[in-house]
1. Describe numerically, in nm with one decimal, the distance between label points set 7 Å from Cα along Cα→Cβ at Arg82 and at Ser129.
2. Work through the residues other than Tyr124 whose Cβ is under 13 Å from its Cβ and net out their charges, Lys, Arg +1 and Asp, Glu -1.
3. Compute and list, largest first, the equivalent-ellipsoid semi-axes of segment 20-133 from the alpha carbon gyration tensor, each √(5λ) rounded to a whole angstrom.
4. Just to be sure I understand the model, the point goes 7 Å from the Cα along the line to the Cβ. What's the resulting Ala43 to Thr105 distance in nm?
5. Compute the distance in nm between two label points, each set 7 Å from the Cα along the Cα-to-Cβ direction, one at Asp122 and one at Cys29.
Amino acid sequence: MSKRSRRAVTPAPSTGAAARCTITVCRGCCCGTPKIPGFDHAAQLRGLREALDGTATVRVTDCLDACEHANVVVVQPSPEGRVAGGRPVWLGLVNDHDATADIATWVEEGGPGLADPPGVLDLYGFTPSRRVRGQVDG
């Protein structure tokens, strides 16, 4: 594990979160900072929470140690999606609002295991190290 400090993951208020996809948005040392100039990080998070209210749990974590891919968003399948073969999908360089909207649309359709992501999201996908994956995948 990195020597960087870890802040507890903060879920958005919700009900019935156990049956939903979970979206983890990194806001650590590189993600969500001025290191990504000209991008409104607060608006991105607010937009995800508003678009997915009642559909998914959106939570924030400090640093996922995938800084070379800032901004990082991890889409974890719902229990139903996991049974159908869905696995967490790590998306990096999510630095435009169209990508954020595509993530929200995919999750509204069911997310990993239940719906195919918009093709453009393939450009954002990456595979982090097993150590890094262990911080979110559960």
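Laboratory data are not the source of any read-out in this text; all were calculated from the coordinates shown. Model, not experiment: these values are computed from the prediction. We place every Cβ from the backbone using ideal geometry, glycine too, and count neighbours over all the protein chains shown.
1. Here the modelled spin labels are 2.5 nm apart.
2. So the surrounding residues net to -4.
3. 21, 16, 12
4. 1.9 nm
5. The answer from the label model is 3.4 nm.
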